[in-house]
1. How far is it, in nm, from the label point at Asp63 to the one at Arg87 when both lie 7 Å from their Cα along the line to the Cβ?
2. May I ask for the percentage of alpha-carbon pairs in segment 48-104 that lie more than 15 Å from each other?
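A short reminder: the numbers here are calculations on the coordinates, not readings from a lab. Values in this document were obtained by computation on a predicted structure and should not be read as measured data. Glycine also receives a Cβ, built like all others from the backbone with ideal geometry; neighbour counts cover every protein chain displayed.
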Amino acid sequence: MMLFRAVLITGSLAVTVCGAAAQQAPGAAAPMQSVQMPATPNPARVTLDPKTTALIVLDFVEDICNAQASCKGRMLQAMTPFLAQARKAGLTVAYGTRERNMTK
């Protein structure tokens with residue numbers, strides 16, 4: 001009787017632990033959820049101090065931009081005058097780049 005109880009308790013514990021582990025398996029994808037994006041807010045006027053403000057430009061590298069038609073077709077043409085205005089206002093402009101071998 002004592003052995004039966006030990007086997008029963010151990011078996012129940014094993015089932016409980018394995019069941020919990022299966023439900024919370026690391027790397028398991030969570031169920032997809034739909035999220036409604038809020039409306040775009042109206043623009044607000046802000047004042048920036050060029051001494052304490054920098055513009056960081058990311059992902060304008062050939063490997064990324066060449067793969068996206070809108071990057072070369074619209075974004076680069078829009079960024080050129082924007083960067084000129086930022087520099088004229090005295091902002092520091094910093095670029096994020098990456099080595100060619102890091103693209104894959």
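1. Each label point is offset 7 Å from its Cα along the Cβ direction, giving 2.6 nm.
2. 56 percent
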